[in-house]
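The values are calculated or read from the model by the stated rules, or taken from the named source; none is laboratory data. Just so it is clear, the model here is predicted, and its values are computed rather than measured. Cβ coordinates were reconstructed from backbone atoms using ideal geometry, including for glycine residues, and neighbour counts include every protein chain displayed. Calculation scope for accessible area: heavy atoms of the full protein, side chains included, ligands and nucleic acids excluded. Shrake-Rupley method; radii C 1.70, N 1.55, O 1.52, S 1.80 Å.
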Amino acid sequence: MLDRQTSMNRQGAAQDTETFTKHESNVRSYSRSFSAVFTYARGTELRDVQGRRYLDFLAGAGSLNYGHNNPLFKDALIDYISQDGITHSLDLHTVAKERFLQAMHDVILAPRGLGDYVMQFTGPTGTNAVEAALKLARKVTGRPNVIYFTNGFHGVSMGALAVTGNSYLRAAAGVPLQNTTAMPFDGYFGEGVDTIAHLEKVLSDPSSGMETPAAVILETVQGEGGLNVARIDWLKRLEALCNKRGIILIVDDIQAGVGRTGTFFSFEPAGIKPDIITLSKSLSGYGLPLSLVVLKRSLDVWKPAEHNGTFRGNNHAFVTATAAIEHYWTTDAFARDIQAKGEYLRKRLQGMVERFTGDLIEVKGRGMMIGVVCADPKRAASVTARAYQDGLIIERAGPDDEVIKCMMPLTTTYAELDEGMDILERAMAAVYAAKPAIAA
């Protein structure tokens with residue numbers, strides 16, 4: 001039973017949300033689970049208009065890897081604005097863009113063997129980067145089809161939606177989604193089925209009905225699909241298969257990249273070099289819109305203005321992104337810290353699996369993109385709802401929203417990790433202790 005203060009807070013929040021209910025589209029989603037009206041954010045902490053404190057283990061669906069209002073980035077941005085620095089520039093040359101391009105090349109790309117790749121700025125969201133990548137792959141190869149994987153998510157604009165597996169999202173298109181083919185992701189049929197061998201057989205068999213595609217697109221860790229992790233060997237073999245058959249390999253690192261899985265790019269542990277990489281979400285470091293396509297120079301066949309977007313020149317985002325790269329990525333210290341925190345989270349979550357045997361199935365994910373699979377999706381919803389009542393914002397993922405997904409800022413302290421895990425475990429204890437007895 002909720003205490004009186006919590007009940008008052010919830011009633012106040014309900015009153016305060018009348019404007020949103022009255023004037024905002026029904027398409028809104030996160031606010032249905034987390035109904036407070038927020039007014040303050042710093043690091044991993046949020047506060048609502050009534051002064052109540054929350055821990056944010058959602059972090060803008062992975063857009064705030066460095067936390068809310070990171071002071072390093074805020075100072076750089078305020079300084080830039082105070083000097084009347086360029087805000088909007090289309091694709092004109094600016095000092096802010098120059099600094100970002102140089103930092104991204106020198107600190108991120110070149111040390112990872114990607115120094116000859118070029119960068120394309122697209123519209124402001126991740127789906128814009130995916131659209132550009134798909135369009136370019138088809139232009140380069142002259143082939144229309146693109147292979148994507150079960151449980152993949154790449155956005156909800158029409159081209160990106162065509163390579164997204166979720167049937168609920170696909171149905172909203174209202175028209176057939178064409179020129180794409182779904183194939184089974186690593187582990188989709190269980191450990192005993194080799195899905196790369198399956199893909200290779202389909203591509204090599206002249207009677208399979210599958211023509212050589214323009215591209216293969218994937219997330220190495222599927223975020224919205226349920227934290228499914230592609231194995232290192234699977235990724236290596238996929239790259240080899242694409243190289244052998246002249247298929248462009250696109251890695252969508254919009255959610256799993258920028259350090260989330262323990263390295264700047266999620267594919268680094270596999271040692272592969274995708275032909276095209278898409279980035280967005282935490283790239284700006286400050287939650288500012290910024291999307292990027294990183295591509296091999298040999299694939300840069302665009303003609304001037306053949307693909308563009310009004311807000312591809314977000315200079316405020318260039319400023320904060322540069323500050324993030326220069327502060328966090330010039331050494332491997334930040335990556336090692338993420339990896340250590342990821343292992344710590346895995347141990348805490350594994351402890352919950354062992355405590356709530358039968359209700360929790362397994363821990364999934366990599367780095368600080370990690371979560372736990374619940375046997376009953378409805379009870380998973382009850383757990384996250386109870387956690388929210390106790391001040392933890394945490395969401396679910398997977399085909400049936402059965403995975404409780406931790407996406408806190410990478411800068412979250414160990415004390416905050418413990419506080420959040422304690423709230424989550426108490427929520428599980430409350431929900432699973434109250435479960436009805438199974439009929440004999």
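Here are a few things to note about the model shown:
- Test: residue in the range 288-305 that is buried (at least 24 other Cβ atoms within 10 Å of the Cβ), of a type in the set (A, V, I, L, M) and either modelled with pLDDT under 95 or touching a Cys at 6+ places or on another chain (Cβ under 9 Å) (or both): no
- Residue within the range 360-381 that is in contact (Cβ under 8 Å) with a residue 60 or more places away in the chain, closer than 16 Å to ARG346 by Cα and over 21 Å from the mean Cα position of the chain (by Cα) present: yes
- Residue identified as in a loop (DSSP other than H, G, I, E, B) and surrounded by 16 or more Cβ atoms within 10 Å (Cβ to Cβ) among ALA36, ALA61, ALA76, ALA41: ALA36
- The condition (being touching a residue at least 12 places away in the same chain (Cβ under 8 Å) and part of a loop (DSSP other than H, G, I, E, B)) is satisfied by just one residue among PHE189, PHE185: PHE185.
- Condition check for THR411: within 29 Å of THR263 (Cβ to Cβ), open to solvent by less than 40 Å² (accessible area, probe 1.4 Å), modelled with pLDDT of 95 or more and among the polar types (S, T, N, Q): no
- Selection of the range 246-304 for residues being part of a helix (DSSP H, G or I), in contact with a helix residue (DSSP H, G or I) (Cβ under 7 Å, 6 or more places away or on another chain), of a type in the set (D, E, K, R) and more than 18 Å from GLY342 (Cα to Cα) yields only LYS281.
- Residue among THR164, THR141, THR181, THR195 that is touching a Lys or Arg at 6+ places or on another chain (Cβ under 7 Å), at pLDDT 95 or above and more than 28 Å from PHE318 (Cα to Cα): THR164
- Residue match in the range 275-287 (condition: open to solvent by less than 10 Å² (accessible area, probe 1.4 Å), more than 27 Å from LEU92 (Cβ to Cβ) and of a type in the set (Gly, Ala, Ser)): no
Residue-wise test of (1) hydrophobic (A, V, I, L, M, F, W, C); (2) farther than 27 Å from TRP302 by Cβ; (3) surrounded by fewer than 23 Cβ atoms within 10 Å (Cβ to Cβ); (4) touching a residue at least 40 places away in the same chain (Cβ under 8 Å).
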{"residue": "LEU136", "(1), (2), (3), (4)": "yes, no, no, yes"}
{"residue": "MET158", "(1), (2), (3), (4)": "yes, no, yes, no"}
{"residue": "LEU177", "(1), (2), (3), (4)": "yes, no, yes, no"}
{"residue": "VAL202", "(1), (2), (3), (4)": "yes, yes, yes, no"}
{"residue": "SER208", "(1), (2), (3), (4)": "no, yes, yes, no"}
{"residue": "PRO213", "(1), (2), (3), (4)": "no, no, no, yes"}
